[in-house]
Structure formats: C-alpha cells, structure tokens
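Comments concern the structure below.
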Amino acid sequence: MERGSFSGFTIIIPTLNEANNIGRLIAALTGRYKGVHIIVSDDGSRDGTREEVLEASGANSNILLFDHSKFKEHGLTASVVDAARLVKTEYVIVMDGDLQHPPEVVGKIAAGLRKSDLCIGVRTQVKNWGLHRIILSKGISYIVYLVFRIRGKATCSDMMSGFFGIRAEILERLARRNRKGFVLDGYKVLLDILRMLDKNARIFEVGYPTFHPRNEGRSKLRIKHMIEVLVSAFR
Ligand SMILES: Nc1nc2c(ncn2[C@@H]2O[C@H](COP(=O)(O)OP(=O)(O)OP(=O)(O)O)[C@@H](O)[C@H]2O)c(=O)[nH]1
Ligand SMILES: [Mg+2]
C-alpha cells in the first residue's frame, strides 16, 4: 500500500477480451492505491472480462464497468474519450488492461501529475519484442516525433506510449469540444492529446525499464494500425 490517498485519481482502462488479466490488474491497483477510482471501458468483451469487473465493482463502489459496446464508434481511443466524461476526480490515468503497464508505476505517474498537466510513462527499455516490431515501432515513433516537432506540437520521448496521466479537466474539455480531433477507432490516444494540447501545458515524464510481454490473451495490434498512426501525425 502506497502512502496517502488516491481518491483524486481515476484510472481508465480500455478493454477488449482481457478476462485473464483484468481481475489481477484491478486487485493490484486497489491493493496499492487507497481510494483510487477505476473505470473499465469495455467494447463488448465476450470472454468473461465484464463479469470479472462486475465482481470487483460489487465489492468496491469505486470500480465501474462502462459498457462502451453500446456506443456508435468503437476502439481504444473512443473508449477512453467517452469514459472521460464520467470522471469525477481531478486526475485521470490511462493504462492498458493486459498488465503490460506495471501497476507500481501508477504511483510515480500520480506523483508527477500533481505537479504537471500531463505525465507520461515512457519505456526506457523494451524487452521481449521481436526485431520486426522494434524496428517498425521505433521507426514510426521517430517519424511521428519529427513531424510533431516540425509542426510545433507537444512531444515526449515515447510518443507511442499508452500509459499516462492527465488533469481530468483537460481531457474532459478535449473530449467534449474536440471529439473529432481524436482518431476514435485508433490506438494512440496520447498522440491525439499531444497534437491538440496547449503549447504552455506542463509535461512530465516517468521512465520505467521493463515492458513485459502481454501476459495473456491476444494482441489486437496490426500493421494497419501503425500506418494509421503515421497518417494521423499529419492531421
Ligand atoms: N475498449 C477497447 N479496448 C481495446 C480495444 N482494442 C484493444 N483494447 C485494449 O487496449 C489495451 C491495449 O491493447 P493491446 O492489444 O494490448 O495493444 P498493444 O499493447 O499495443 O499490443 P501488445 O503489445 O501486442 O499487447 C488492452 O487493454 C486491450 O484490451 C478496443 O477496440 N476497445
Ligand atoms: Mg498490450
């Protein structure tokens, strides 16, 4: 258990078939961060993910299953953007539901967020990825980084990160006024935020050394998503 209360934080977790991971992730987060709120934004899992979340929410009213499958637009980004409207706390943290983002790093992101507007978990070392994925991912990240720099947009050292914290008011404002600025069926919600973020926003980074391979379940990432990321850099 970390010191202090986390009642000012809501963790948004987008899920699609993470039954083998989500229960453990929720237990790790609630065990460590007293008072934290969790919204699992699910796009129609059929593997028992929802049942896992419902069981946890029955025992802890800070945990909410948000049934995003009823919405018109599906996708990781849309799930986060739509869940942002439900947040009642000052800060939001977004993380994956497959245990690739270490729960113990959440506390560091929370601490960084208390003194910034956007606090990004950046991978300082990538382990257990195939060479093909490393080259593709690093190459695309670098191109996107350069395009953002040239366009005078906000950048960070891991543009492809899906693990970050943001002041709820900023995310909620973007979600409400600028929904079309997000690639709703995309994977890279942070990239959309960096593209739209105010120039004066304070950005903080938290490095974490390992990026575990996906624990269980299947990856939904495809080459087509990578190409879409490249295109989205020019939006
Ligand atoms: N709500 C929602 N969540 C999704 C969707 N696609 C993926 N997710 C979730 O978003 C998170 C990231 O997806 P992953 O498939 O792990 O993507 P990734 O981490 O880039 O790829 P891997 O390294 O192969 O795991 C996981 O929690 C998924 O369950 C979707 O369409 N809707
Ligand atoms: Mg993953």
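Figures for the structure shown
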quantity: Options GLY130, GLY139, GLY162; residue that is in contact with a strand residue (DSSP E or B) (Cβ under 8 Å, 6 or more places away or on another chain) and either surrounded by 19 or more Cβ atoms within 10 Å (Cβ to Cβ) or free of Cβ contacts under 8 Å to residues at least 24 places away in the same chain (or both); calculated: GLY162
quantity: Residues of segment 77-104 satisfying the condition of being within 13 Å of the chain's Cα centre (by Cα) and among the aliphatic types (A, V, I, L, M); calculated: ALA78, VAL80, VAL81, ALA83, ALA84, VAL92, ILE93, VAL94, MET95, LEU99
quantity: When residues of segment 17-43 are limited to those that are of a type in the set (D, E, K, R) and in contact with an Asp or Glu (Cβ under 7 Å, 6 or more places away or on another chain), the one nearest to GLU90 (Cα to Cα); calculated: ARG32
quantity: Some residue of segment 45-63 being within 16 Å of ASP82 (Cα to Cα) and either in contact with a helix residue (DSSP H, G or I) (Cβ under 9 Å, 6 or more places away or on another chain) or modelled with pLDDT under 95 (or both); calculated: no
quantity: Flag for PHE6 being assigned to a strand (DSSP E or B) and either surrounded by 23 or more Cβ atoms within 10 Å (Cβ to Cβ) or at pLDDT 95 or above (or both); calculated: no
quantity: Count of segment 52-76 residues which are among the charged types (D, E, K, R) and without any contact (Cβ under 8 Å) to a residue 24 or more places away in the chain; calculated: 2
quantity: Any pair with Cβ under 6 angstrom, 6 or more apart, that starts in segment 86-107 at a residue that is more than 15 Å from ligand 1 (Cβ to nearest atom) and ends at one that is among the hydroxyl-bearing types (Ser, Thr, Tyr) and modelled with pLDDT of 95 or more; calculated: VAL87/THR10; THR89/THR10; VAL92/THR10
quantity: Selection within segment 147-174 - in a helix (DSSP H, G or I) and under 19 Å from ASP96 (Cβ atoms); calculated: LEU171
quantity: Qualifying residue in segment 206-223 (condition: at pLDDT below 85, among the aliphatic types (A, V, I, L, M) and away from ligand 2 (no atom under 15 Å from the Cβ)); calculated: yes
quantity: Close pairs (8 angstrom Cβ cut-off, 6 or more residues apart or separate chains): without any contact (Cβ under 8 Å) to a residue 40 or more places away in the chain in segment 192-204, of a type in the set (Gly, Ala, Ser) and part of a helix (DSSP H, G or I) anywhere; calculated: MET196/GLY181
quantity: Segment 162-187, subset within 16 Å of ligand 2 (Cβ to nearest atom) and at pLDDT below 95, residue nearest to LYS72 (Cα to Cα); calculated: GLY186
quantity: Any hit, segment 101-113, residues being closer than 22 Å to ALA83 by Cβ and in contact with a helix residue (DSSP H, G or I) (Cβ under 6 Å, 6 or more places away or on another chain); calculated: yes
quantity: Residue that is touching a residue at least 60 places away in the same chain (Cβ under 8 Å) and within 16 Å of ligand 2 (Cβ to nearest atom), where the choices are SER41, SER7, SER45, SER79; calculated: SER79
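The values are calculated or read from the model by the stated rules, or taken from the named source; none is laboratory data. This structure is a prediction, so every number in the text was calculated from the model and none was measured. Counting neighbours? That spans all protein chains shown, and the Cβs are built from the backbone with ideal geometry, glycine included.
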